[in-house]
1. Expressed in nm², what is the orientationally averaged projection area of the convex hull enclosing the Cα positions of chain A?
2. What translational D, rounded to a whole number of µm²/s, comes out for chain B from Stokes-Einstein when the hydrodynamic radius is the Kirkwood one over Cα pairs, at 37 °C and 0.692 mPa s?
3. Please state the relative contact order of chain B as a whole percent: Cα pairs under 8 Å, 6+ residues apart?
4. I'm a student and want to see the number: the projected area of the Cα convex hull of the protein assembly as shown, averaged over all directions, in nm².
5. Can you pull the semi-axes for the range B:9-73, root of five times each eigenvalue of the Cα gyration tensor, sorted largest first, whole Å?
6. Counting Lys and Arg as +1 and Asp and Glu as -1, each charge on the Cβ, what is the dipole of the range B:4-74 about the Cα centre in debye, to the nearest 20?
7. Going through the range A:1-102, which chymotrypsin sites (Phe, Trp or Tyr not before Pro) have at most 12 other Cβ atoms within 10 Å and a DSSP loop state?
8. Quick check on my link table: of A:6/A:85; A:57/B:218; B:17/B:220; B:67/B:115; B:74/B:109, which ones sit more than 27 Å apart, alpha carbon to alpha carbon?
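Here, each number is a calculation from the coordinates, and none is a lab measurement. Note that the structure is a prediction, hence the values are computed from the model and not measured. Every residue, glycine as well, gets a Cβ built from its backbone with ideal geometry; the counts of neighbours run over all protein chains shown.
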Amino acid sequence: MPWELKSDRPIYTQLIEQIELMIFSGVYPLGSKLPSVRDMAQEAAVNPNTMQKALVKLEEDGLIITHRTSGRSITEDARMVEMAKTKLAQEQISDFLEKMQLMGFEQKEILTIIDNMVKEMKK
Amino acid sequence: MSTILECNDLTKKFGSKTAVSAVNLKIERGQIVGLLGPNGSGKSTIIKLANELLTPTSGNILIGGKKPGTETKKIVSYLPEKTYLNDWMRVHQIIELFSDFYNDFKPEKAYDMLKTLNINPDDRLKTMSKGTKEKVQLILVMSREAELYLLDEPIGGVDPAARDYILQTILRNYNENATVIISTHLISDIENILDYVVFINQGQVVLTSSVDDIRDEKGKSVDALFREVFKC
């Protein structure tokens, strides 16, 4: 998965989001070992210090575990991942709802539109 | 963290023209720092002062606590804005020269990078394009295990693909205790790899900040901020 970094937001927050996505989508499965900071930084074409900062934050959030001798790995706790996933979904949805409200939609209307679209997709 | 480069009221005048004016600056170890400013802002002058190619009119500049001289040159790897290598030399001869000259030079690193960039070590410099020459020079500079790398316009003359490779080279070869200072005005190309930026204009430091702080506080890229600060 290529790293895409936008220029108007801090790099480390974008790295966090992308690593989260890679965990959710299974690029990095539960319990798997992460590449070294240096390798990850090089792959993303960012400064190792910035990558380090992102990984430390992910560690605080409990998604990544650091072993004293053998580097970092993804947590084996599926609940942790589920929680982070739900949190990300909520953030995205609240952004979306805000925009819809700006366009003047009522909550019911929004739900109807979503409902119809999901039905369309199923066909 | 300790300081690798320090300027105290550093001033350099050329006749009546002040190129660097009372600059105070501290740069820590373990960072990649962008020295950013428009043409003629004093970037190269500061780097030359750090290499003892120029001496300050007043104030001082210290590398690891010492004035620039023989001792500091052992720990500083410098990429000048212009080439100083002999045109008639073959790349492998220059590598031998560097091995003799610098204790911390790793020839195997140099050969490795030459191979990746498809540069033949038997070629003479004078048969090479401007961009290839620049690549060779950067390879030489980054093949040292220095404490401070001073890169004066390292990406100016090369194409975007080679630029990416050069940035990768910088990332790969600097270690956690080393500091890389890159002077350039091609900001958007390098801002993702920078920890810290120093904006310089008319010989004075106008802003120092971490890249993430700029993006966080101003919601814009370093490149966009630069265009705003130095609007003509």
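1. So the Cα hull casts an average projection of 9.8 nm².
2. My calculation gives 180 µm²/s for D.
3. 27 percent
4. Details: hull surface 95.7 nm².
For the Cα atoms of the protein assembly as shown, the hull's average projected area reads 23.9 nm².
5. Values: eigenvalues 72, 48, 22 Å².
Semi-axes from the Cα gyration tensor: 19, 15, 10 Å.
6. Numbers: 11 positive and 5 negative charges, 33 e Å.
Result for the range B:4-74 is approximately 160 debye, rounded to the nearest 20.
7. Values: sites: A:3, A:12, A:24, A:96; in loops: A:3.
Nothing satisfies the criteria.
8. Violating the 27 Å limit, Cα to Cα: B:17/B:220; B:67/B:115.
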